[in-house]
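Since the structure comes first, as structure tokens, the remarks are kept for the end.
No value in this document is a laboratory result; all are computed from the given coordinates. Quantities reported herein were computed from a predicted structural model and do not represent experimental measurements. Ideal geometry is used to build each Cβ from the backbone, glycine not excepted, and the neighbour counts take in all protein chains shown.
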Amino acid sequence: MNVFKTYRNSIQRTLALLMLVVPLFLFAQSREKISITVNEVRLENVLRILSEKSGMKFISDPGIRTDRITLDLKDVAPLEALSIMTELYDLGFQQLGEVDPNLWTVFLES
């Protein structure tokens, strides 16, 4: 009985991990490449452009929405564009919820 319980718990943990990782992987792989060129554009507008090109949806920290961003990215995956932007400007991002894998939050990295 104890072995069955351990085995069941192991399977549940594995399935939970797969439920988190697989949508992210599929999201990153299924998107077309995009290009974004902006010069001193407010972050909220850059996220809007990225949203229109990729189908991703964003919620951003109110304190960073007016920050100005400059990017010149050619033929990159949307998730890669988000990663580059957040790394360059000391921001973080996180996928929100299991219901909608296209919903992301962008925040100031502390």
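Observations on the model:
- Built amide H within the under 5 Å cut-off of Leu103, gap 5+: Lys57, Leu96
- Note on Lys74: lysines with a C-alpha under 20 Å away, same-chain residues under 8 apart excluded, are Lys33, Lys53.
- Extension gain, Glu80-Arg65: 0.36 nm per intervening residue step, less the Cα-Cα distance, totals 3.4 nm.
- Under 15 Å from the Gln94 label point (7 Å along Cα→beta-carbon), backbone N, the stretch 39-72: 59-62
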